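Since the structure comes first, as structure tokens, the remarks are kept for the end.
The values are calculated or read from the model by the stated rules, or taken from the named source; none is laboratory data. Here the structure is a predicted model, which means the values were calculated and not measured. As a convention, Cβ positions derive from the backbone with ideal geometry for all residues, glycine included, and neighbour counts pool all protein chains shown.
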Amino acid sequence: MTPIRHNHSDADTVLDAARDCVLAVGVRRTTLTDVARRAGVSRMTLYRRWPDVRTLVGDLMTREWIGVAVGAMPEASPGVPTRARIVDGLVAGVAAFRAHPLFHKILDVDPELLLPYLLDRRGASQEALLGLIAGGLAEGRADGSVRPADTTLLARTLLLVVQSFAMSLRTMTDPDDPALDDTAFLDELRTLLERTLAP
């Protein structure tokens, strides 16, 4: 579960511009012309790599969501079992994802963009997250902190659980009841993950 680091590239400049546009006006009102202008590149430069806004926003979401997941995962520390790092990272990742401004904007203005990844198919970010989780599970089995199980099945199960908490938690919280606030649910997620992974 080694963090992935990237140098800032021309593609990142375009994705930064796309993020700024989406945060300002939403996906449906963002155009490639707007993004090109904000990024300081020609429209043809964008069209060569991204034929439409939806493709560009898909790459943007992939970059942002993977960045959240990698940033949430604690570094390995002597004496700390891998299971604890996996649990801490997944819980922190859910909290960070739910606080992410791009996620909020899409959920509030263009929620239909997320539906294919919840109902029909896995996206690039989900595949990358499965890879990160599977790597952690392998490390956890090696140090004895994660129960033996089919890696693919367990990684996909964990992603289903954290995806549900990230996407749907606000439908279950009650702002007037401290026993049903975000923190309470994230504590329950921690318990659920810990018990799922423990040998």
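Checked against (1) among the charged types (D, E, K, R); (2) surrounded by 18 or more Cβ atoms within 10 Å (Cβ to Cβ); (3) more than 13 Å from the chain's Cα centre (by Cα), Asp143 meets all criteria but (2). Where helices (runs of 4 or more DSSP H) fall entirely within segment 81-199, those with at least 3 residues that are in contact (Cβ under 8 Å) with a residue 12 or more places away in the chain and aliphatic (A, V, I, L, M) are at 82-99, 101-109, 124-142, 151-168, 182-197.
Residue-wise test of (1) at pLDDT below 95; (2) crowded, with 19+ Cβ neighbours inside 10 Å; (3) of a type in the set (Val, Ile, Thr).
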| residue | (1), (2), (3) |
| --- | --- |
| Ala69 | yes, yes, no |
| Met73 | yes, yes, no |
| Val80 | yes, no, yes |
| Ile86 | no, yes, yes |
| Val91 | no, yes, yes |
| Val94 | no, yes, yes |
| His104 | yes, no, no |
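Among the residues of segment 40-51, the ones that are assigned to a loop (DSSP other than H, G, I, E, B) and either β-branched (Val, Ile, Thr) or farther than 17 Å from Gly123 by Cα (or both) come to 4 in all.
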